[in-house]
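Derivation of every value follows stated rules applied to the coordinates shown; laboratory data play no part. This is a predicted model, so every value here is computed, not measured. A quick note on method: Cβ atoms are made from the backbone with ideal geometry, for glycine too, and the neighbour counts reach across all protein chains shown.
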Amino acid sequence: MLRKMLKLLTSRLVFFGILLLIQLVWLLAFLTRLTTYSTAISVLFTIVSLLAVLWIINRDENPAYQMAWVIFILVFPLLGGLFYLLVGNKRPSKKMRRRLEAEQGRTKEALIQDPEILEEVNKIDARVRGQFAYLSENCGFPVHGNTKTRYYKLGDELFPELLEALKAAEHFIFMEYFIVEEGRMWNSILDILEEKAKAGLDVRFVYDDLGSVSLLPPGYEWQLEAKGIRCMAFNPFIPLWSLVMNNRDHRKITVIDGHTAFSGGVNLADEYINEKQRFGHWKDTGFMLKGEAVWNYTVMFLQMWNAFRKTDVSYEAFRPTCYHPEPFAEDGFVQPYGDTPLDDEIAAENVYLNILNQARDYVYIFTPYLIIDHEMETALCLAAKRGVDVRIVTPGIPDKKVIFQLTRSYYPNLLRAGVRIYEYTPGFLHAKSYVCDDETAVVGTINMDFRSLYLHFECGTLFYRSSLVAEVKRDALETMEKSQEIKLKDIRQGLRGSLFCAILRVLSPLL
């Protein structure tokens, strides 16, 4: 009965969305025609567009994003300004901001940096101490010791160990993911979550509603609630209106009993473990943390959860030592961090830029998309020009052909500067990582594109002098051996292709 009601509700929402879309198209056509009859109306729309351009230029935003909108308004001077007023705001809605910012006070109180750890890093390398201090002091995510790490070079390797860790849970399980799809991977996890919920564990699950909108039945959160799993669909998808809802929860987080965490690029769908073939072999990466650094991920999850479902008076009951009184193993320094569109601190991009600017010998990069701003392109080129071995691996089989063509449009300048670029021949590379100078690595959910760097809720982990760093480097070199190195002669596109790529480059911040 519930499923029938949900299907009926969905069909009505879709029908309502189609009607709204028809009305919008009709309204735009009407306004366009109206401007041809009335000089006053035409002048009014032109003034709106001019004011929008001035407003955009005066805002403290990424210049590429500003330029894209200015060009769009110049091409469509009558309606461009009006369209910007409707969909140009890339910040979260006021309602979302209020709720998340209300939780930031408790988040700041929970995430306190131990100064002795920073001092210990400073004795090794003051530059690295600066990188850690940036994330700690400006973004609120402390660096930790006493954390064991494990790297997974494929989702196929991560999945069985995630299942075992979930089965071993005794107190609580928190999970937060962008994509969830019914299949072997998710169904296996769901069985464990349902069993644990029945056993009395605190089981909570967050998924991005738009990320999973075509993959899960409507109202899926209520199905999980019926199984005893407390669930939240982040930023619920509303037909038509959601076309302008830029800010998605792109994180992948599992926290078990406060002392064990999993993250990386792996979502909860069968292609991520190569159970299903979509774009050849799916290359993804992830990691496990066990120890004090898990606390950062726990707080990230609790902030998101309590912003929309007030549950916890305090976060203290979920600290790593609550259910693991024994000392944790040492494995270098570990700093999980989040990035959010709530503030003007572009933490994810700044971490990448700092690595490139401080690199001495090499930087190896995995990214599924390469849609970068001028600052990132300059940093990549400059690192290569001063002798750093900069290599980037992107997919050989794309999941989105237009985005793949846009990614390739950045190749020529990078190649001329000395950056080496590889395409993963066996299939689609979804991993997001940096590894540098045998000392530093970042693995997380953060793509090198405008959406990840500016619009989405993301997370990553910075590792220093951890055993995981060597594993990431080894994986990068092995992956390059399976990939095709791209040369300038491989990407000649002709006049038509170059023109199309130029248009895509201009619009890339809006894609």
Ranked from fewest to most other Cβ atoms within 10 Å of their own Cβ, R251, R150, R204 fall in the order R150, R204, R251
By the Cα gyration tensor axes a ≥ b ≥ c (a/c under 1.5 gives rounded; else a/b larger than b/c gives prolate, otherwise oblate), the shape of region 330-419 is oblate
The long-range amide H neighbours of R230, using H built 1.01 Å from N in the peptide plane and a cut-off of under 5 Å, are V203, F205
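So between R278 and E194, what do we pick up on full extension, going 0.36 nm a residue minus the alpha carbon distance?
Gain in length upon complete extension: 27.3 nm.
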Karplus-derived 3J(HN,Hα) from phi for region 446-457 (6.51 cos²θ - 1.76 cosθ + 1.60, θ = phi - 60°), whole Hz, x at Gly and Pro, runs 9, 6, 8, 9, 5, 5, 5, 7, 10, 10, 9, 7
Under the Karplus relation with 6.51, -1.76 and 1.60 and θ = phi - 60°, whole-Hz ³J(HN,Hα) for region 185-191, x at Gly and Pro, equal 5, 5, 5, 5, 5, 4, 4
Averaged over all viewing directions, the convex hull of the alpha carbons in region 124-203 casts a projected area in nm² of 7.9
Distance in Å, no decimals, from the C-alpha centre of region 161-179 to the one of region 270-288 is 19
Applying the gyration tensor rule to the Cα atoms of region 305-380 (axes a ≥ b ≥ c; rounded if a/c under 1.5, else prolate if a/b exceeds b/c, else oblate), the class is oblate
For region 398-479, Rg(Cα) over 2.2 N^0.38 Å is 1.20
With Rg from the Cα atoms and Rh as the Kirkwood inverse mean 1/r over Cα pairs, region 344-491 has an Rg/Rh of 0.92
Within region 300-366, DSSP-loop GluC sites (Glu not before Pro) with at most 15 other C-beta atoms within 10 Å are E330, E345
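Based only on other Cβ atoms within 10 Å, what is the fewest-to-most ordering of V442, V75, V53?
Sorted ascending by nearby Cβ count, the order is V75, V53, V442.
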For E292, E377, E181, ascending order of other Cβ atoms within 10 Å (fewest first) is E377, E181, E292
Around Y337 (Cβ within 11 Å, Cβ-to-Cβ, excluding Y337; K/R +1, D/E -1) the net charge comes to -3
Going through K401/K489; K401/K473; K400/K432 one by one, the pairs whose alpha carbons sit over 23 Å apart turn out to be K401/K473
Cross-link reach from K95 to lysines, straight Cα distance under 30 Å and at least 8 residues apart if same chain, gives K7, K108, K227, K252, K310
FRET efficiency for M67 and A417 from the Cβ-Cβ distance with R0 = 22 Å, rounded to 0.05, comes out at 0.50
With the dipole of region 270-396 defined by +1 on each Lys or Arg Cβ and -1 on each Asp or Glu Cβ, the option from Y369, F308, Y323 whose Cα lies farthest towards the positive pole is Y369
